[in-house]
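The structure appears right after this line, and notes come after that.
The values are calculated or read from the model by the stated rules, or taken from the named source; none is laboratory data. In this text the structure is predicted, and so the values were computed from the model without any measurement. Note that each Cβ is placed from the backbone with ideal geometry, even for glycine, and that neighbours are counted across all protein chains shown.
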Amino acid sequence: MHILVTGGAGYIGSHTCIALIEAGHSVVVIDDFSNSHIEALKRVEGICNTEIPHYEGDVGDEELLRRVFSEHTFDGVIHFAGSKAVGESVEKPMLYYRNNVTASQTLIETMHEAGVHTLVFSSSATVYGDPQTVPIVEDFPVGATNPYGRSKLMVEQIIQDFATSTAQFNGIILRYFNPVGAHPCGRIGEDPSGIPNNLMPFIAQVAVGKRSHLAVFGDDYPTIDGTGVRDYIHVCDLAEGHVRALEQLHGKPGSHCFNLGTGSGVSVLEMVEAYEKASDRPIPYQIAPRRPGDVAQCYANSGHAKAVLGWQATRTLEDMVKDSWRWQSSNPNGYLEA
């Protein structure tokens, strides 16, 4: 299949481009490089030994989208592009609704005009808010607690409504848990701008000496060691989930929703211990107060994805931290060294 990947130079997008190409598909990328790097795309081309046509621009730019759809014939779209920091979304909600909701609506309308009927949407476990029980299944109540999560929910609703009203449309919603790790070659990985929002890149920067210590937000949760528990999934497993969703559901109209996670939780201190072992370096940390909105534990039941897509996560926590450390130690300043 010929696939348009929006945000294809980003962390998950770049790994998914590799998974698509390795599965025999071809890709075209749109990315505005506001939170990604052209170097990532160049490295994907090197890993896959192929050229990837790309367009620099905003997915909300209708004129650009029409040009892309007029110059290529696509079988489907994987939509990663958007803003993704919870804290920033609270400070700049209108930015998030424009970049995540309005742009997605523009993309779907332009796809429809061009006769492209399959969309895979990058959603998030944040749509579940603070779950009453774990593991989380897809029919749990949703109710995000911040503008980022609400923007994801709004796009999910747009997809579901459009699928109901449009006979040919196929909207596949993938709710990610906590993507971590890097491609095992060490050439591409997570390279956040500024202070990392997520645990593993923060730990990695401490391990490589860019930061003095890790702040652990709360040690009094009702968990195995008092620290927050999350479902960490290797980014390559996640990328393969997108490929499987496309291959299994292409040409099957309607809206479809899947959790993508490992089905088990890892605490902050368990992650620190695993990273210390992989890097053979100490990870100093300090306990800090809980952050508002953080939940004690959150992990997935991904049985629906296994049953329908034939997909499940196979990489271990050890794989995640080893691959992360290989990327970080080989690229201590991320893509800026290129």
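Suppose the filter is of a type in the set (D, E, K, R), in contact with a helix residue (DSSP H, G or I) (Cβ under 9 Å, 6 or more places away or on another chain) and in a loop (DSSP other than H, G, I, E, B); does residue 225 pass it?
Numbers: of a type in the set (D, E, K, R): yes; in contact with a helix residue (DSSP H, G or I) (Cβ under 9 Å, 6 or more places away or on another chain): yes; in a loop (DSSP other than H, G, I, E, B): yes.
Yes: the conditions hold for residue 225.
Picking from 122, 70, 151, 83, which residue would you name as being among the polar types (S, T, N, Q), under 19 Å from residue 33 (Cα atoms) and either in a strand (DSSP E or B) or at pLDDT 95 or above (or both)? I'd like the intermediate steps shown before the answer.
Values: 70 fails: under 19 Å from residue 33 (Cα atoms); 151 fails: under 19 Å from residue 33 (Cα atoms); 83 fails: either in a strand (DSSP E or B) or at pLDDT 95 or above (or both).
When all the criteria are applied, what remains is 122.
Could you tell me which residue of the stretch 302-314 is farthest from the chain's Cα centre (by Cα), considering only residues that are buried (at least 20 other Cβ atoms within 10 Å of the Cβ) and not hydroxyl-bearing (Ser, Thr, Tyr)? I'd like the intermediate steps shown before the answer.
Step one: filter the stretch 302-314 for residues buried (at least 20 other Cβ atoms within 10 Å of the Cβ), giving 302, 305, 309, 311, 313.
If we keep only those that are not hydroxyl-bearing (Ser, Thr, Tyr) too, we end up with 305, 309, 311, 313.
Values: 305: 16, 309: 18, 311: 17, 313: 15 Å.
Filtering the stretch 302-314 for residues that are buried (at least 20 other Cβ atoms within 10 Å of the Cβ) and not hydroxyl-bearing (Ser, Thr, Tyr), the one farthest from the chain's Cα centre (by Cα) comes out as 309.
Is it the case that residue 187 is of a type in the set (Lys, Arg), surrounded by fewer than 22 Cβ atoms within 10 Å (Cβ to Cβ) and either part of a helix (DSSP H, G or I) or modelled with pLDDT of 95 or more (or both)?
Values: of a type in the set (Lys, Arg): yes; surrounded by fewer than 22 Cβ atoms within 10 Å (Cβ to Cβ): yes; either part of a helix (DSSP H, G or I) or modelled with pLDDT of 95 or more (or both): yes.
In short, yes.
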* **Residue pairs meeting the criteria (Cβ under 6 Å; at least 6 apart or on separate chains; first outside any strand (DSSP E or B), in the stretch 258-272; second among the charged types (D, E, K, R) and surrounded by fewer than 24 Cβ atoms within 10 Å (Cβ to Cβ))** => 269/225
* So which residues in the stretch 304-332 are among the polar types (S, T, N, Q) and within 17 Å of residue 172 (Cα to Cα)? -> 312
* Residue within the stretch 222-229 that is touching a residue at least 24 places away in the same chain (Cβ under 8 Å), of a type in the set (A, V, I, L, M) and touching a strand residue (DSSP E or B) at 6+ places or on another chain (Cβ under 6 Å) present -> yes
* So which residues in the stretch 145-172 are free of Cβ contacts under 8 Å to residues at least 40 places away in the same chain and either polar (S, T, N, Q) or closer than 13 Å to residue 298 by Cβ (or both)? -> 157, 165
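Conditions (1) farther than 20 Å from residue 192 by Cβ; (2) of a type in the set (Gly, Ala, Ser), marked per residue:
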{"site": "294", "(1), (2)": "no, no"}
{"site": "297", "(1), (2)": "yes, no"}
{"site": "303", "(1), (2)": "yes, yes"}
{"site": "309", "(1), (2)": "yes, no"}
{"site": "317", "(1), (2)": "yes, no"}
{"site": "320", "(1), (2)": "no, no"}
{"site": "325", "(1), (2)": "no, no"}
{"site": "334", "(1), (2)": "no, yes"}
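Being without any contact (Cβ under 8 Å) to a residue 24 or more places away in the chain and not in a loop (DSSP other than H, G, I, E, B): is that true of residue 322 here? Steps first, please.
On the way: without any contact (Cβ under 8 Å) to a residue 24 or more places away in the chain: no; not in a loop (DSSP other than H, G, I, E, B): yes.
In short, no.
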* Structure fact -> Residue hits (the stretch 44-64; in a helix (DSSP H, G or I) and either crowded, with 19+ Cβ neighbours inside 10 Å or modelled with pLDDT under 95 (or both)) are 44
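Please work out which residue is farthest from residue 160 (Cα to Cα), limiting yourself to the stretch 104-119 and to residues that are small (Gly, Ala, Ser) and assigned to a helix (DSSP H, G or I).
Restricting attention to the stretch 104-119, the residues satisfying the condition of being small (Gly, Ala, Ser) are 104, 114-115.
Adding the requirement that they be assigned to a helix (DSSP H, G or I) leaves 104, 114.
Details: 104: 13, 114: 20 Å.
The extreme case among them is 114.
The rows are residues; the columns are (1) in contact (Cβ under 8 Å) with a residue 40 or more places away in the chain; (2) buried (at least 23 other Cβ atoms within 10 Å of the Cβ); (3) out of contact with any strand residue (DSSP E or B) (no Cβ under 9 Å at 6 or more places or on another chain).
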| position | (1), (2), (3) |
| --- | --- |
| 235 | yes, yes, no |
| 238 | yes, yes, no |
| 251 | yes, no, no |
| 331 | yes, no, yes |
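Does the stretch 23-36 include one or more residues that are in a loop (DSSP other than H, G, I, E, B), crowded, with 20+ Cβ neighbours inside 10 Å and touching a residue at least 40 places away in the same chain (Cβ under 8 Å)? I'd like the intermediate steps shown before the answer.
Step one: list which residues in the stretch 23-36 are in a loop (DSSP other than H, G, I, E, B), which gives 23-25, 32-36.
Then keep just the ones that are crowded, with 20+ Cβ neighbours inside 10 Å; that gives 36.
This time we only want the ones that are touching a residue at least 40 places away in the same chain (Cβ under 8 Å), so: none.
No, the stretch 23-36 contains no residue that is in a loop (DSSP other than H, G, I, E, B), crowded, with 20+ Cβ neighbours inside 10 Å and touching a residue at least 40 places away in the same chain (Cβ under 8 Å).
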